[in-house]
Each structure stands twice: as C-alpha cells, then as structure tokens.
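Have a look at the structure below before the remarks.
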Amino acid sequence: MQKTSNADANTNANLSPENQELITKLKQELSIREYSQRTRESYIHYIQDFLLFAKKPFAQLKREDFVGFLAERKDSNNLKATSLSLVFSALRFCFKDYLKSNEMDDIKLPKKQKKLPTVLTKDEMKKLFDATDSLRDKLILEFIYSTGCRVSELVDAKLNNLDFNECLGRIISGKGNKDRTIILSKAWVEKFKTYLQQRTSQKINCDFVFCSFDGNQLSVDSIQKIVRESSAKAGLQKHISPHSLRHSFATHLMESGENIRKIQELLGHANLNTTQIYTSVSTDELKKTKNPLDNM
C-alpha cells in the first residue's frame with residue numbers, strides 16, 4: 001500500500017497546479033463520503049493517470065480526451081470490461097459527480113460479460129477442508145464458506161465482533177461501508193475456541209479473528225494462497241478463489257430452499273438482482289426436472 005502512495009505522490013508532482021489542487025480536493029471528497037480506502041486509492045490513481053494523459057487543466061477537458069484515454073487503457077493494457085468499468089467509474093465520479101461536467105454523458109462502455117461464478121459441490125467443499133492440515137487454515141476456509149464473507153472482510157474481522165454464545169458475528173464496514181450480521185457454525189465455534197487456546201499458549205496477542213503466526217494481520221494475498229494450495233492438495237480441477245467459497249455458500253443455501261432475501265442480507269448485497277444469479281447457479285432443482293425426451 002505504501003508503494004502505491006509513493007507512486008501517486010510522485011505522479012501528483014508532475015501535474016499542473018490546477019490539477020494538483022483538484023486531486024487534493026478529490027481526496028477530501030472521497031474521505032467525507034466514506035469511500036473505502038481501496039476505492040479511494042484506485043480512483044485517485046486512475047484520475048491522476050488520466051490528467052497526465054490529457055496534459056491540460058481539468059477545466060479544458062473535452063469528450064475526446066476521455067474517449068482517447070479509455071481507448072488507450074483498453075488497447076495498451078488489454079483491460080477486460082470489468083477493469084475498464086472501474087476506470088470509467090473513477091472518471092465519472094470526478095468529472096460528472098464532483099465537477100458537474102457533461103463531457104462524459106454520452107460515452108458508453110461495453111456491457112460486462114455475465115459469467116456464472118465457480119461453485120463447489122458439498123463433496124468438493126469437504127475435500128477442500130480435509131486437504132488442509134493447519135487448524136488455522138482449515139478454520140479460515142470454513143469461515144469464508146459458512147459466513148459467505150468476502151476475503152477483504154475476513155482479514156479485517158475482529159474478535160470482539162463475534163458472539164460465540166449466539167453464534168452470530170458482525171461485519172463492520174463491508175463493501176459500500178455497510179455493516180451486516182453473519183451466522184456462525186456451532187461446529188466452527190467449538191474448533192475456533194481450540195485455535196484461540198493455541199494462540200494464547202503461544203503468547204500470540206492479536207485483535208483479529210485470524211492472524212499470522214507472529215501475531216500480525218493477514219493479507220488478502222495470504223488467504224488467496226491458502227485457498228490455492230488447499231485446492232491443489234484436494235485435487236480439485238476447478239479454478240478456485242476465496243470468492244468461490246462465498247458463491248458456494250449462497251448456492252447451497254439456495255438449493256436448501258432458503259429465502260432469497262435472507263441470502264441477500266447474509267451476503268451484504270445492496271440489490272436483490274445481484275443475489276438472483278444464484279437461482280441460475282443452483283442446479284439441484286434442475287436435476288429433478290424430467291427431460292421431455294425421456295417421456296417419448
């Protein structure tokens with residue numbers, strides 16, 4: 001994170017005084033609106049890159065400057081629609097939302113390609129857990145799957161936000177800075193208490209639910225590595241990420257007949273349409289449908 005900050009500081013020094021002042025005010029605006037740290041850094045990075053590309057004060061920017069930058073980004077970096085959309089969102093926040101410019105009004109991006117998420121079967125989930133030798137790592141995998149939390153939410157989760165008696169937890173400032181309640185597995189809680197005892201005996205003092213073996217906060221990369229290595233040991237052929245466990249959580253709840261509004265709440269989706277994708281992913285009910293060819 002520090003490297004990104006230093007790079008952005010150097011980039012800002014190459015901007016005109018007007019554009020430097022704009023970046024300063026944007027940082028304040030993003031902070032006041034309580035955008036996440038990651039979003040703030042991404043937005044500022046993309047806006048700085050655009051201002052360097054355009055080589056003119058922000059008040060002189062025209063539609064062709066935005067189109068040229070987006071085209072250059074897409075062609076030179078081979079960006080997918082999702083990544084290009086993030087660049088577009090940063091520019092739109094700055095120039096449409098904050099500066100009230102209409103130069104971007106008729107610029108349209110290609111729609112994001114809709115792909116069904118990777119989902120593990122329950123048997124595959126068991127293989128993934130069983131392939132993990134470390135108690136901590138197994139608990140991490142089980143926590144993501146059994147709560148449906150995002151990997152960024154996992155690394156920030158604090159012990160004081162878990163209620164072992166009620167088997168509930170709180171995700172604080174999740175995506176969109178929204179808090180929500182998660183459910184904890186009773187079996188997981190019992191195993192987690194053993195893990196906490198191990199931490200105490202090893203004199204590891206940490207406020208986070210999971211930490212490194214020297215008591216520091218885990219990174220997103222470290223969680224992704226745990227998932228990759230466990231998947232390889234389990235011999236699973238699917239491309240699996242931490243988000244696959246979240247997808248599997250939602251799909252298995254859907255297949256068990258759980259109410260979609262409850263699933264929406266547990267996942268922290270702002271829009272029910274986002275949760276609707278799991279009605280397509282869930283296959284149990286489809287398997288029960290008799291193929292008309294078999295009736296001939």
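The values are calculated or read from the model by the stated rules, or taken from the named source; none is laboratory data. Model, not experiment: these values are computed from the prediction. Don't worry about glycine lacking a Cβ; one is built from the backbone with ideal geometry, like all the others, and counts go over all protein chains shown.
If Lys111 satisfies all but one of (1) at pLDDT below 95; (2) under 13 Å from Ile223 (Cβ atoms), what's the number of the condition it fails?
Condition not satisfied by Lys111: (2).
Pairs, please: C-beta under 7 Å, at least 6 apart or cross-chain, first residue on the phi > 0 side of the Ramachandran plot and touching a residue at least 12 places away in the same chain (Cβ under 8 Å) and in the stretch 224-253, second in a loop (DSSP other than H, G, I, E, B) and surrounded by fewer than 23 Cβ atoms within 10 Å (Cβ to Cβ)?
Close Cβ pairs (under 7 Å, with a partner that is in a loop (DSSP other than H, G, I, E, B) and surrounded by fewer than 23 Cβ atoms within 10 Å (Cβ to Cβ)) do not exist here.
From the list Lys203, Lys158, Lys178, pick out the single residue that is over 28 Å from Leu253 (Cβ atoms) and out of contact with any helix residue (DSSP H, G or I) (no Cβ under 8 Å at 6 or more places or on another chain).
Lys203
Residues being surrounded by fewer than 13 Cβ atoms within 10 Å (Cβ to Cβ) and free of Cβ contacts under 8 Å to residues at least 24 places away in the same chain: count how many of those fall in the stretch 54-71.
Of the residues in the stretch 54-71, 4 are surrounded by fewer than 13 Cβ atoms within 10 Å (Cβ to Cβ) and free of Cβ contacts under 8 Å to residues at least 24 places away in the same chain.
Confirm whether Ser231 is more than 26 Å from Lys178 (Cα to Cα), assigned by TED's automatic domain parsing to the domain that holds Lys178 and at pLDDT below 85.
Spelling it out, it is not the case that Ser231 is more than 26 Å from Lys178 (Cα to Cα), assigned by TED's automatic domain parsing to the domain that holds Lys178 and at pLDDT below 85.
Restricting attention to the stretch 197-207, does a residue exist that is within 19 Å of Ser146 (Cβ to Cβ) and surrounded by fewer than 18 Cβ atoms within 10 Å (Cβ to Cβ)?
no
Can you tell me which of Ser89, Ser101 is at pLDDT below 95 and either within 20 Å of Thr39 (Cα to Cα) or loosely packed, with under 11 Cβ neighbours inside 10 Å (or both)?
Ser89
Can you tell me which of Glu190, Glu255, Glu229 is acidic (Asp, Glu) and touching a helix residue (DSSP H, G or I) at 6+ places or on another chain (Cβ under 6 Å)?
Every option except Glu255 fails the conditions.
Only residues in the stretch 75-90 that are within 17 Å of Ile47 (Cα to Cα) count as the first member; pair them with residues that are among the hydrophobic types (A, V, I, L, M, F, W, C) and modelled with pLDDT of 85 or more, Cβ under 7 angstrom, at least 6 apart or cross-chain, and list the lot.
Short answer, once both residue conditions are applied: Leu84/Leu70; Val87/Leu70; Phe88/Leu70; Ala90/Ile47.
Within the stretch 259-278, can one find any residue that is modelled with pLDDT of 85 or more, on the phi > 0 side of the Ramachandran plot and either under 23 Å from the mean Cα position of the chain (by Cα) or not assigned by TED's automatic domain parsing to the domain that holds Gln202 (or both)?
So far as the stretch 259-278 goes, yes, one or more of its residues are modelled with pLDDT of 85 or more, on the phi > 0 side of the Ramachandran plot and either under 23 Å from the mean Cα position of the chain (by Cα) or not assigned by TED's automatic domain parsing to the domain that holds Gln202 (or both).
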